[in-house]
Structure formats: structure tokens, C-alpha cells
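Asker: Input: one structure, supplied below.
Each value in this text was obtained by applying a stated rule to the coordinates, not by laboratory testing. Keep in mind that what you see is a predicted model, and the values were worked out from it rather than measured. Glycine also receives a Cβ, built like all others from the backbone with ideal geometry; neighbour counts cover every protein chain displayed.
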Amino acid sequence: MTFYRWTLIHNGMELDSRFTAVAILGVYAVVAGLERISPLQRVPSPLLRPSFATDVGWYVTAVAVTLAFGPALEQLARWRSASAFPDLASFEIRFVLLVIAATVLYDLGATLCHMLLHRYEPLWNLHKVHHSSPVLDWLATTRAHGLEHVFRGIPTQAALFTLGFPSEAVAAAIVIYAGFATAGHSNLRLPLAGVEVLFVTPRLHRLHHVPATTNRNFGTVLTLWDRLFGHFAATTEHDDAALGVPGEVETYPQSWKSQLIEPFGRRRRVIREPHRHDLGTEQIEDGALAFEKHARDT
Ligand SMILES: [Zn+2]
Ligand SMILES: [Zn+2]
């Protein structure tokens, strides 16, 4: 039996966080390139569209978080493989199966984290940055507060290493996940309705960015999790709806610097101005804790 893991290492390829960062850059380049082909565009949009600088700022932030936590995760992987507990690489499992398993588990972990980001107010205030995109395209994928990247990506990767997945399988899973995330946010109109039984498509994730269906479609790769938790939606009713933070579509700040401090400023304002609690509650009801309301409405 050929083990891809060992083949890759023998070929001198070391799949680590630097490989992941470069491969994700390749994914972005492919999706950004496809978006320049007019017949494939969902809506006409120039490359340098409004808020381009904001999203470049968040892209750099995402890369910085990845590189900052890379050494700690690699250390965790080394510690795990040296521990007394057998890791998955010690079993005769084909590399491709390890990658599939790592991708499924990573998607599950990220989906659960995403649900928590919508469930609790301080996390929702962080996650509003991601929902503030007025348009979706390749660069909107990484519009997320730096602390959200820490909350969502790092523990999920750490869990995979702790379970004993080899770092090469985790790196490949993250590239696949990033591919789905970038495609899911893309401004591409593709005939993908047939795969929605299994996979998240741009149309499905766009519904997550529509205020009326914000608490639907939390997954990135598989639709399975949303079907299991009762959050799946595939309606065409909101195809032309405006995107944005529920209740704040017109008012949420759009500059990188404003968005960086907005979650904390918002918290301070609520503490200093208790009479504004009503507004906070309304916003939570509107965007974060509306599961029951959605269940009633749909
Ligand atoms: Zn969300
Ligand atoms: Zn999104």
C-alpha cells in the first residue's frame, strides 16, 4: 500500500502552515480570476469595488493570525506525535482518507464555532464584521475580525492535531476548506444546484449574509450539519436582497480601523449607557438569537 503521506515527505514537500498560506493564495487567485470573466459573474462588479481596502486589511490580518499561531500549532503536532498515545499516522490509513476525515471534522468544528458566534452577544459583535460586507466576492471571504479567526480556526486545528491527524492532512484539509469558503463567498453564478444535497454553494452561503436568513446555512463545506441542526435553507425568495448586518445594513462602519474597534466600542457603550440595553436586545433578537423566530417564520 502506498502512503501519500510518506511519498510527499520523501519528495521533500513539507506541508505546514506556510504551504497552507501559499495554497490559499492560489485558491484566491483562481476564484478572483474566474470573477473577471463577465458571463460567470453573478452581478457586474469591478475588481476594485467599494471597501476593497477594508478587505485587504482583513486579509492581511487573517494571514498575520495564521502565521502567529502557526509555530504553536506545529509544536502541538510535534508534541502529539511524540506522545505515548498512537496518532493516526501510525495506523495504515491512506492519506486521502485522512484528508477527507480531517476536512469533515474541521468543517464540523468551524460550523459549531460559527453557530456560537451567532448565539452570544460578545461573539456576535465580533462576527458582525464578517456580515458587514455589502457585496460578496473572493476578497469578502476573509472579512472577519482577527479575534474571530483566533476563536474559529485555531481551536479547530488544535483539536485535529490532538486527535492525532498528521500535520500534512490538517494542512490539506484547511486548503480544501478555504477553497469552499472562497467559492462560497464568490461573485460567481454557477449551475451547482445539483450538488447542494451535499455541499455548500455560493447561492446557499449568500443566504447566510441576507439579514432575513442570517441564522441559516452556517456550514462551509457540507450542508449536512445545517440539515442535522435544522438550519438549512435553500429558498430563492431572497436572491436579490441587500446583504449586511441585520438591523445595521446602512449604518455598520465600513473602514478596517472602525471595524477593528467596533465590537469593543459597542460593548463599552452598552455598559456606560444602560438605557441603551433595549437597543442591544433588539439587535440580538434581530440578528443573533432569532432561531425561534425563524422557526416560526419559515
Ligand atoms: Zn455568520
Ligand atoms: Zn460568509
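Asker: Would you pull out the residues with amide H under 5 Å of LEU188's amide H, same chain only if 5 or more places away, H placed 1.01 Å from N?
Answerer: ARG42
Asker: By the gyration tensor of its Cα atoms, with a ≥ b ≥ c the square roots of the eigenvalues, what is the shape of segment 82-191: rounded for a/c under 1.5, prolate for a/b over b/c, or oblate?
Answerer: Details: a/c = 3.07, a/b = 1.60, b/c = 1.91.
Because a/c hits 1.5 or more and a/b fails to exceed b/c, segment 82-191 counts as oblate.
Asker: Let me ask something else. Using only Cα atoms, locate the centre of segment 189-253 and the centre of segment 21-37, then give the distance between them in Å, rounded to an integer.
Answerer: About 22 Å separates the Cα centre of segment 189-253 from the one of segment 21-37.
Asker: Quick check on packing: order 231-242, 184-195 by the mean number of other C-beta atoms within 10 Å, highest mean leading.
Answerer: 184-195, 231-242
Asker: Right, next: Order these peptides, 35-42, 129-136, by their mean beta-carbon neighbour count within 10 angstrom, highest first.
Answerer: 129-136, 35-42
Asker: A further question on this structure: Once you sort the root eigenvalues of the Cα gyration tensor of segment 181-221 as a ≥ b ≥ c, which label holds: rounded (a/c under 1.5), prolate (a/b larger than b/c) or oblate (the other case)?
Answerer: prolate
Asker: Specify whether the C-alpha gyration tensor of segment 41-81 places it in the rounded, prolate or oblate class, a ≥ b ≥ c being the square roots of the eigenvalues: rounded for a/c under 1.5, otherwise prolate if a/b is larger than b/c and oblate if not.
Answerer: Values: a/c = 7.86, a/b = 2.93, b/c = 2.69.
It comes out prolate by the Cα gyration axes.
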